[in-house]
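K.L.:
Structure in structure tokens, see below.
The values are calculated or read from the model by the stated rules, or taken from the named source; none is laboratory data. Note that this is a predicted model, so its numbers are computed, not measured. Cβ sites come from the backbone with ideal geometry, for glycine too, and all protein chains shown count toward neighbours.
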Amino acid sequence: MRWKSMGLVVAGAIGLLASGGWVVESWLAAPPSSQGKALIESEFSLVDHTGKPVADEDFKGKWQLAFFGFTSCPDVCPTTLIEVSAVLEELDDGAEQVQPLFITVDPERDTPEVMAEYIANFDPRILGLTGSPEQIKRAAQAFRAYYAKVEQEGQPDGYTMDHSAFLYLMDPEGDYATHFSPSDEPATVADEIRAYLAEGIG
């Protein structure tokens, strides 16, 4: 099943939290589309895990597979990045047309150095992105991704992060194509992406 904009009803209203629960994202209650175009777009100015400034324009011409998470995440984030790695393997040569992005929602702790150490555990094609809290906020708003800091005893620095756990597939123009949930199998995700690659933009 491929969505161009109707999937935003789900993506814009409900997010799977890293803690394993579901939350209604009331702050994303705006209409999911306008004149048939999804209100999700790739728009950011951040720093990659090597310390190099990067922006959405740098990936024009490539499909982006973006995920918002954080390096201290105990389960959903590492599992998702393992699945992204598997998707890239499934895509084989098609993976050359896809740029996977791991965008932190915890910029206070996830410096480029921390991101680099973490990203090294997964497929080397995955690019880790961080930045200032304001830069991360703007990126999350563009993708309509939910995240929130939650005070929690026993966690590093006394807090953890709740966040949506969707994988966003953005077309070569940086526009929303579809999204995937953590329950989707890598082979299924790869098949969907392969179909988009065959169709091109739109």
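K.L.:
Scan the stretch 54-106 for residues that are in contact with an Asp or Glu (Cβ under 7 Å, 6 or more places away or on another chain) and of a type in the set (Phe, Trp, Tyr) and report the count.
P.N.:
Qualifying residue count for the region: 2.
K.L.:
Sticking with this one: Would you point out the residue of the stretch 74-126, among those that are assigned to a loop (DSSP other than H, G, I, E, B) and of a type in the set (A, V, I, L, M), that is farthest from Lys60 (Cα to Cα)? Break it down stepwise before answering.
P.N.:
Taking the stretch 74-126 as the starting set, the residues that turn out to be assigned to a loop (DSSP other than H, G, I, E, B) are 74-75, 105-111, 120-126.
After this cut, where a residue has to be of a type in the set (A, V, I, L, M) as well, the list is 105, 120, 126.
Numbers: Val105: 23, Ala120: 25, Ile126: 17 Å.
It comes out as Ala120.
K.L.:
Quick one: Thr71 ticks every box in (1) within 27 Å of Leu197 (Cα to Cα); (2) touching a residue at least 40 places away in the same chain (Cβ under 8 Å); (3) part of a loop (DSSP other than H, G, I, E, B) bar one, so which box is it?
P.N.:
(1)
K.L.:
Sticking with this one: Taking the stretch 163-202, which residues are in contact with a Gly (Cβ under 8 Å, 6 or more places away or on another chain) and in a strand (DSSP E or B)?
P.N.:
The answer is His163, Thr178, His179.
K.L.:
For the stretch 138-159, indicate whether the set of residues that are hydrophobic (A, V, I, L, M, F, W, C), out of contact with any His (no Cβ under 9 Å at 6 or more places or on another chain), surrounded by 16 or more Cβ atoms within 10 Å (Cβ to Cβ) and closer than 17 Å to Pro74 by Cβ is non-empty.
P.N.:
Initially, the stretch 138-159 is screened for residues hydrophobic (A, V, I, L, M, F, W, C), giving 139-140, 142-143, 145, 148, 150.
Okay, now just the ones that are also out of contact with any His (no Cβ under 9 Å at 6 or more places or on another chain), so 139, 142-143, 150.
This time we only want the ones that are surrounded by 16 or more Cβ atoms within 10 Å (Cβ to Cβ), so: 139, 142-143.
Those left that are additionally closer than 17 Å to Pro74 by Cβ: none.
No: zero hits.
K.L.:
Same structure again: Are any residues in the stretch 138-187 of a type in the set (A, V, I, L, M), closer than 16 Å to Lys62 by Cα and touching a Ser or Thr at 6+ places or on another chain (Cβ under 6 Å), and if so, which ones?
P.N.:
Once the filter is applied, which keeps residues that are of a type in the set (A, V, I, L, M), closer than 16 Å to Lys62 by Cα and touching a Ser or Thr at 6+ places or on another chain (Cβ under 6 Å), the stretch 138-187 yields Leu169, Met170.
K.L.:
Does Asp56 satisfy the condition of being exposed (fewer than 13 other Cβ atoms within 10 Å of the Cβ) and either of a type in the set (D, E, K, R) or at pLDDT below 50 (or both)? Let's see the steps before the verdict.
P.N.:
Values: exposed (fewer than 13 other Cβ atoms within 10 Å of the Cβ): no; either of a type in the set (D, E, K, R) or at pLDDT below 50 (or both): yes.
No, not satisfied.
K.L.:
Which condition breaks for Val87 when tested against (1) of a type in the set (A, V, I, L, M); (2) farther than 20 Å from Phe143 by Cα; (3) in contact with a strand residue (DSSP E or B) (Cβ under 6 Å, 6 or more places away or on another chain)?
P.N.:
Tallying (1) of a type in the set (A, V, I, L, M); (2) farther than 20 Å from Phe143 by Cα; (3) in contact with a strand residue (DSSP E or B) (Cβ under 6 Å, 6 or more places away or on another chain), Val87 fails exactly one: (3).
K.L.:
Please pick out the residue among Val150, Val114 that is out of contact with any Phe, Trp or Tyr (no Cβ under 9 Å at 6 or more places or on another chain) and farther than 27 Å from Leu91 by Cα.
P.N.:
Working: Val150 fails: out of contact with any Phe, Trp or Tyr (no Cβ under 9 Å at 6 or more places or on another chain).
Val114 is the lone residue from the list that is out of contact with any Phe, Trp or Tyr (no Cβ under 9 Å at 6 or more places or on another chain) and farther than 27 Å from Leu91 by Cα.
K.L.:
Got a number for residues in the stretch 34-53 being modelled with pLDDT of 95 or more, in a loop (DSSP other than H, G, I, E, B) and among the β-branched types (Val, Ile, Thr)?
P.N.:
1
K.L.:
Okay, moving on. Collect the residues in the stretch 66-115 that are of a type in the set (A, V, I, L, M), surrounded by 15 or more Cβ atoms within 10 Å (Cβ to Cβ) and farther than 20 Å from Tyr147 by Cβ, keeping them in residue-number order.
P.N.:
Just the residues of the stretch 66-115 that are of a type in the set (A, V, I, L, M), to begin with: 66, 76, 81-82, 84, 86-88, 91, 95, 98, 101, 103, 105, 114-115.
Now drop any that are not surrounded by 15 or more Cβ atoms within 10 Å (Cβ to Cβ), which leaves 66, 76, 81, 84, 86-88, 91, 95, 98, 101, 103, 105, 114-115.
Selection gives Ala86, Val87, Leu88, Leu91, Ala95, Val98.
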